[in-house]
Amino acid sequence: KMTQQMRDLQLAQARKPPGPSSPNAAKRLYRNLSGKFRVNYTSFDEGSLAGRGDKDKLRKSYLFQSNAALFEAVELQDLDRVQELLKQYSPEELDLNTPNSEGLLPLDIAIMTNNAPIAKALLQAGAKESPHFVSLESRSLHVSTLVREAEQRVNELTAQVVNEAPSADCSDKEKQLKAWEWRYRLYKRMKAGFEHARVPDAPTNVHLSVASSSSVQVTFWEPLSVNSAVVTKYKVEWSCSSTFSPVLGEAVVDKLKNLHYTIQGLTSGTAYYVRVSAYNMKGWGPPQASVPPFAIPSNWREYDGRAPRRRGQAEALDHLLSQVKTVHQHCVCHEPCKNQPQSRKHSVSKSLKHLFHPGSKFLKTLKRGLYLTAIFYKDDNILVTHEDQIPVVEIDDTYSCLLMQDFLWFTKVSCMWEEILWLRQCVTVSQSSCSCILQTRFKMLLAISQMQGLLGIQDLGQVFFEPVKDKQGNILIVTLKEVKTNQTFESVRWVPVCKLQSSRKSVSSPEEPTALDTLLISIQDKLAYHQRSSHALSPGLYLGYLKLCSAVDQIRVLVPEQLPNILCHVKIRSNPNVSREEWEWLQKMASMDEPVPAEPEAETSQNHLFQELQVAIKELMTLVNIPLQEAKDFRLYSQEVLDFGDQVSFLLLLPPSDDVCTAPGQNNPYTPRSGFLTLPLQIFELGEDR
């Protein structure tokens with residue numbers, strides 16, 4: 001029967017004066033007659049509500065309209081409008097899963113009219129089917145009732161329009177008749193869609209993999225045929241029997257953005273069979289068994305009982321540092337500076353004495369020496385001094401030591417910015433030696449303290465992987481830090497990077513730019529490097545390529561520019577876990593004198609890994625510009641899987657032993673294409689730990 005609300009709406013509509021008739025009049029009237037009174041944005045009187053000062057009511061009215069607009073867009077099959085609303089509002093704001101007075105949800109209308117694009121958009125936003133439809137019979141009865149009531153109302157209005165003389169009331173009834181005819185056609189389409197639909201086919205590409213020692217993961221694709229009805233959920237079942245008798249457990253997957261499910265809490269070493277079935281408004285379709293048909297929860301470490309490499313390392317290092325601090329707590333190095341031997345005072349240059357003078361300031365120009373500069377940036381802005389200079393302090397104006405060793409020591413110190421004062425005090429006691437290295441490192445600590453004091457912040461950020469040099473003998477050690485909050489600093493201010501670059505007027509000739517000029521010219525590259533070095537890989541198993549090159553004073557490692565904190569790599573799969581069975585197969589391959597890759601048995605996890613590795617090796621060889629035929633001399637590192645947390649793991653592909661590290665002057669016929677750089681090994685290790 002007609003609801004009382006609908007009758008009231010009809011009476012209210014009948015009292016309105018006649019309006020101009022148009023092809024859209026029926027649609028507008030139909031929308032007004034739906035379960036929730038839907039008001040167009042153009043007719044919404046925002047001023048009347050704002051005039052009452054009721055902001056909460058104003059917001060509720062907006063949300064009420066958004067819900068009405070969503071129903072309207074679904075009914076009119078306007079995909080663009082549906083996507084726009086889903087992007088603009090949250091599911092809660094749209095009342096996405098609250099049925100209207102007819103017991104319908106937007107998803108019900110979409111799937112019963114077989115509008116797959118709109119239905120999928122709604123499903124990805126979290127839409128559900130109406131809770132009224134608990135069975136096929138209830139859905140069939142419900143839609144049949146809607147059709148019958150709409151047909152009855154059309155017949156009543158048709159009779160009234162035919163029998164009444166032309167008048168304003170008659171004109172309104174004609175509009176109502178057109179609206180009800182529109183609704184009647186909609187409900188008939190929904191009924192026909194329901195009656196025509198059948199249960200969906202089985203899901204495709206159902207793949208089972210081992211996720212850990214106590215879990216397995218199943219991934220799957222949509223059925224090839226949904227039989228005229230959109231799939232709205234999937235069911236995952238698991239059992240220790242291939243006949244699924246009994247079924248140990250099941251789970252419903254109704255979040256369809258990513259079609260996968262991880263079964264947790266399983267017993268290690270036990271085989272589990274898994275199957276998946278799809279559901280549409282006609283019910284559950286046939287199940288599809290996974291490939292491989294079963295999986296045994298395990299991890300590669302179970303092969304030889306190996307413990308995680310880094311287990312307890314951080315705690316052990318913290319404990320060691322605490323012990324060192326305790327030993328130094330009552331050391332003479334913590335006595336006031338006035339108690340230091342007079343004989344050492346002359347070893348500190350005047351410039352260093354000046355660093356902690358109350359009048360210490362940032363340097364404006366560089367003279368021959370070693371300097372520290374700190375780059376703080378936020379979006380496209382950078383911190384500069386009041387003289388529009390990047391903050392620079394002097395480390396040593398008579399530097400003559402081995403730069404690389406001191407620089408690498410400085411990068412390690414950057415992991416302990418908050419401990420600089422303590423380190424200074426400890427290094428001071430060692431100055432009884434006239435070692436150039438100790439003198440330089442003490443000056444580095446002094447410069448760090450000065451920079452921290454002038455900026456009013458301890459954390460100076462990450463050290464850029466190489467110093468900036470010029471022909472005048474200046475060397476800049478650069479630190480970079482991104483500021484993500486509205487943080488205030490002392491003695492500095494924000495300016496756009498482009499403005500700083502354009503306003504920089506070098507006193508040097510264009511042919512011989514100073515280190516500061518070089519820094520400003522390349523500052524965008526350095527900021528990009530810093531941002532990329534903090535990016536993380538998405539979860540998965542990767543194939544990495546280890547390639548080193550040596551110089552006189554360092555070893556460098558090849559890395560991609562886009563992710564300089566990770567080796568060159570390609571992704572093998574999204575599951576980071578390597579099972580015991582897969583690792584056993586890799587060990588057998590590694591132990592063969594002539595590893596002829598005999599394919600494992602079909603429908604096994606080893607076979608799937610074999611196929612994934614073939615694809616990954618081809619992709620990696622292309623990436624680093626090595627002919628595929630050369631890969632036959634390469635080998636997989638078989639000592640361990642490199643785990644980076646719980647979500648990322650690596651298998652390493654190594655060149656022949658003699659080619660892992662290229663010596664100075666050694667010919668390397670295969671140079672990587674653009675997009676790569678080499679980092680000092682110690683810098684790479686620090687970046688990896690960050």
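Residues checked against (1) over 47 Å from the mean Cα position of the chain (by Cα); (2) aliphatic (A, V, I, L, M):
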| residue | (1), (2) |
| --- | --- |
| ILE109 | no, yes |
| ALA119 | no, yes |
| GLN124 | no, no |
| SER138 | no, no |
| HIS142 | no, no |
| VAL161 | yes, yes |
| GLU174 | yes, no |
| LEU177 | yes, yes |
Leading residue by the ranking (modelled with the highest pLDDT) among those in region 488-520 that are open to solvent by 70 Å² or more (accessible area, probe 1.4 Å) and more than 15 Å from ILE390 (Cα to Cα): GLU512
Just for region 606-657: of the residues that are within 20 Å of PRO308 (Cβ to Cβ) and open to solvent by 80 Å² or more (accessible area, probe 1.4 Å), which one is modelled with the lowest pLDDT? ASP646
Output the residues belonging to region 244-266 that are among the polar types (S, T, N, Q) and either touching an Asp or Glu at 6+ places or on another chain (Cβ under 7 Å) or modelled with pLDDT of 95 or more (or both). THR262, GLN264
Candidate set: region 116-141, residues that are assigned to a loop (DSSP other than H, G, I, E, B) and among the polar types (S, T, N, Q); chosen: the one least open to solvent (accessible area, probe 1.4 Å): SER130
Only one of SER130, SER140 that is out of contact with any Leu (no Cβ under 7 Å at 6 or more places or on another chain) and closer than 20 Å to THR232 by Cα: SER140
Just give me the residues in region 371-389 being open to solvent by less than 10 Å² (accessible area, probe 1.4 Å) and either within 23 Å of TYR529 (Cα to Cα) or free of Cβ contacts under 8 Å to residues at least 24 places away in the same chain (or both), in sequence order. TYR371, LEU372, THR373, ALA374, ILE375, PHE376, TYR377, ILE382, LEU383, VAL384
For PHE294, only one of the following conditions fails: (1) open to solvent by less than 10 Å² (accessible area, probe 1.4 Å); (2) in a strand (DSSP E or B); (3) out of contact with any His (no Cβ under 8 Å at 6 or more places or on another chain). What is its number? (1)
Restricting region 186-238 to residues that are among the hydrophobic types (A, V, I, L, M, F, W, C) and open to solvent by 50 Å² or more (accessible area, probe 1.4 Å), the one nearest to GLN77 (Cα to Cα) turns out to be ALA192
Suppose we filter region 615-653 for residues that are among the aliphatic types (A, V, I, L, M), assigned to a loop (DSSP other than H, G, I, E, B) and more than 14 Å from GLY540 (Cβ to Cβ); how many remain? 2
Pick from region 660-685 the residues that are part of a helix (DSSP H, G or I) and touching a residue at least 24 places away in the same chain (Cβ under 8 Å): which of them is surrounded by the most Cβ atoms within 10 Å (Cβ to Cβ)? ILE683
Would you check if there is a residue in region 93-104 being touching a residue at least 12 places away in the same chain (Cβ under 8 Å), in a helix (DSSP H, G or I) and within 28 Å of THR145 (Cβ to Cβ)? no
Which of the residues spanning region 251-294 are over 15 Å from LEU208 (Cβ atoms) and of a type in the set (D, E, K, R)? ASP254, LYS255, LYS257, LYS282
For the subset of region 583-605 comprising residues that are more than 21 Å from LEU642 (Cα to Cα) and among the small types (Gly, Ala, Ser), which member is modelled with the highest pLDDT? ALA602
Kindly check whether there is at least one residue in region 78-85 that is within 18 Å of MET190 (Cβ to Cβ) and free of Cβ contacts under 8 Å to residues at least 12 places away in the same chain. yes
State yes or no: is VAL478 buried (at least 16 other Cβ atoms within 10 Å of the Cβ) and under 38 Å from the mean Cα position of the chain (by Cα)? yes
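The values are calculated or read from the model by the stated rules, or taken from the named source; none is laboratory data. Note that the structure is a prediction, hence the values are computed from the model and not measured. Please note: Cβ atoms are built from the backbone with ideal geometry, for glycine as well, and neighbour counts cover all protein chains shown. Keep in mind that these areas ignore ligands, DNA and RNA; they rest on the heavy atoms of the full protein, side chains included. Shrake-Rupley method; radii C 1.70, N 1.55, O 1.52, S 1.80 Å.
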